[in-house]
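Some notes on the structure that comes next.
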Amino acid sequence: MALKAIALNATLKASGGEPSSTDRMLALIASAMSKDGVETETIRLADFNIKPGVSSDEGDGDDWPAIRQKVLDADILILGTPIWLGQPSSVSKRALERMDAFLEETDEAGRMVSYGRVAAVAVVGNEDGAHHVCAELYQALNDVGFTIAPNAVAYWVGEAMGSTNFSDLEHIPETVTKAVDMLVRNTVHLATLTKDNPYRGEA
């Protein structure tokens, strides 16, 4: 059975404005995924009203429940974020806070509803901090039940306080292309394994 991926773009920019560097990085990953037969849907979180909280549904007007369902319907989650103040974007943190609900949501075998899904990370920015941002996201995604493959991150960091964004580059650096290919290769491999061999539940 073919794998499905969901990419959450945690840029601060809503659609229709300036180009999103995060969107460009996620598009590279989605293109590479397609070569392995993986269909990827990308959601720009800033386009939605994701209410603050740590439950799966924060009431009237909350757009998170529909996004949550897409995450659970996919085999692979790719979380993409820009770097702001050396940190993951506030939008990415909002999504992770909402996924905190997975800690209490379990199936009939006592496994978190997110179990069996594989996560990867994409990071872009014009300042230092890609490794720090990756570490934060890795830990949070692991905490809420996702499995992470080796080298499951692709990032680009421009000159600190520079004016060139990833979306402005005429040519993608080879190092980025290699990182994307490794991310996809390892993530698809692990997602295939976990789909065929689910985690054990409670005895």
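The values are calculated or read from the model by the stated rules, or taken from the named source; none is laboratory data. Everything numeric in this text was worked out from a predicted model, so none of it was measured. Heads up, the Cβs are rebuilt from the backbone with ideal geometry, glycines too, and the neighbour counts pull from every protein chain shown. Ligands, DNA and RNA are excluded from the accessible area calculation, which covers all protein heavy atoms including side chains. Shrake-Rupley method; radii C 1.70, N 1.55, O 1.52, S 1.80 Å.
The table below lists the values:
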item: Accessible area of region 110-175 belonging to carbon and sulfur atoms, whole % at 1.4 Å probe; result: 49 percent
item: Inverse of mean 1/r across different Cα pairs in region 78-203, Kirkwood, Å; result: 15.7 Å
item: Net charge contributed by nearby residues that have their C-beta within less than 14 Å of Phe166 (K/R +1, D/E -1); result: -4
item: GluC sites (Glu not before Pro) within region 118-203, DSSP loop, no more than 15 other Cβ atoms inside 10 Å; result: Glu159, Glu170, Glu202
item: Quarter of the Cα convex hull surface for region 48-91, i.e. its orientation-mean projected area (nm²); result: 3.8 nm²
item: Span-like helix ranges in the chain, DSSP H, alpha carbon extent 27 angstrom or more, Kyte mean at least 0.0; result: 174-196
item: Under DSSP loop assignment and at most 16 Cβ neighbours within 10 Å, longest chymotrypsin sites (Phe, Trp or Tyr not before Pro)-free interval of the chain; result: 49-198
item: Heavy-atom surface of the chain, accessible at 1.4 Å and reported per residue (Å²); result: 50 Å²
item: 25 Å Cα cut-off, lysine pairs counted over the chain (separation 8 or more, or different chains); result: 15
item: Loop trypsin sites (Lys or Arg not before Pro), region 98-202, which have at most 10 other Cβ atoms in a 10 Å radius of their Cβ (DSSP); result: Arg200
item: Dipole moment magnitude, nearest 20 debye, region 102-203 about Cα centre, only Lys, Arg, Asp, Glu C-beta charged; result: 420 debye
